[in-house]
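Visitor: Have a look at the structure that comes next, please.
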Amino acid sequence: MDFNSLSIVADDHAEAAAALERLSERYPTADAEQADLIVAIGGDGFMLSTLHRFMEKQIPIFGMNLGSVGFLMNEYREEGLLERLRKAEAIELQPLHMSATTADGERHEALAVNEVSLRRETRLAAKVRIKLDGVVRLEELICDGVLVCTPAGSTAYNLSAHGPIIPLGAGLLGLTPISAFRPRHWRGALLPQNAVVTFEILDHGLRPTSAVADFTEIRDVVSVEVRATSSPAPTLVFDPEHNLEERILTEQFVSV
């Protein structure tokens, strides 16, 4: 991939901070706001925050894993970084746009690279009505929560909630319940990428519910609308042998 200036950013834990210092001494760097390409050192959580930080500027981001899982990251290696970056491949993601209305009538908006999730706030289960493109598809879901995920996010919270892994380019979103009580055996749905999902919170005074777009949380919501958006479009950069599409496919054949 072509670039003229490089910036390196890192998570604030000791290992990532030390790696940042070493790499900054070894390679010429620019201010992150002016760079053509950003190298992010940390784990998936740090990658998500970096994607959100630079999403509007649409600066491609190459992650190197010094975190726990590193699904969105490449292997951490200090040698030959510039050559490695020139051989890397970019993939453009399509995030979700969340519009949430709270019990006091305020409206909040946020973007999510992975998922938008609804979660109960108290010991009582949430009650949610689900509409697709204005049509009621599920009158009442009693649950701990429910989420809509992108293909890139389908291997994150969605997978932990037993949702399907979605290949990139499939043109689909995942709709997955979290600990559904009624309908007890409802496992969710695969939706067209252009679907507009609306959640209406039933008995919201008794059963308060939060909406979370990646790490932006809005509490006491009464309705939430979720749709895919093409702008802004964050760009991830991967080693050719370690691209995200291949990782999502491989994850479907993991046996343990």
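The values are calculated or read from the model by the stated rules, or taken from the named source; none is laboratory data. Fair warning: this is a prediction, and the values are worked out from it, not measured in the lab. As a convention, Cβ positions derive from the backbone with ideal geometry for all residues, glycine included, and neighbour counts pool all protein chains shown.
Visitor: How about segment 220-241: which of its residues are touching a residue at least 12 places away in the same chain (Cβ under 8 Å) and more than 19 Å from the chain's Cα centre (by Cα)?
Guide: ASP220, VAL221, VAL222, SER223, ASP239, PRO240
Visitor: What is the residue count in segment 208-243 for residues that are over 20 Å from GLN193 (Cα atoms), part of a strand (DSSP E or B) and touching a Ser or Thr at 6+ places or on another chain (Cβ under 6 Å)?
Guide: 4
Visitor: Would you confirm whether any residue within segment 135-143 is out of contact with any strand residue (DSSP E or B) (no Cβ under 9 Å at 6 or more places or on another chain) and part of a strand (DSSP E or B)?
Guide: Within segment 135-143 (the criterion being out of contact with any strand residue (DSSP E or B) (no Cβ under 9 Å at 6 or more places or on another chain) and part of a strand (DSSP E or B)), the answer is yes, since at least one residue qualifies.
Visitor: What do you reckon, is LEU191 of a type in the set (A, V, I, L, M, F, W, C), touching a residue at least 40 places away in the same chain (Cβ under 8 Å), in the same structural domain as VAL136 (by TED's automatic domain parsing) and assigned to a strand (DSSP E or B)?
Guide: Answer is yes for this residue.
Visitor: Let me ask another. Between ILE142, ILE165, ILE201, which is aliphatic (A, V, I, L, M), closer than 23 Å to GLU251 by Cα and in contact (Cβ under 8 Å) with a residue 40 or more places away in the chain?
Guide: ILE165
Visitor: Just one of (1) within 24 Å of ILE91 (Cβ to Cβ); (2) at pLDDT below 95; (3) surrounded by fewer than 20 Cβ atoms within 10 Å (Cβ to Cβ); (4) among the hydrophobic types (A, V, I, L, M, F, W, C) trips up ALA195, so point out which.
Guide: Status for ALA195: all satisfied but (2).
Visitor: If you don't mind, there's one more thing I want to ask. For the list (1) closer than 21 Å to HIS242 by Cβ; (2) at pLDDT below 95, I need the number of the one condition that ILE61 fails.
Guide: (2)
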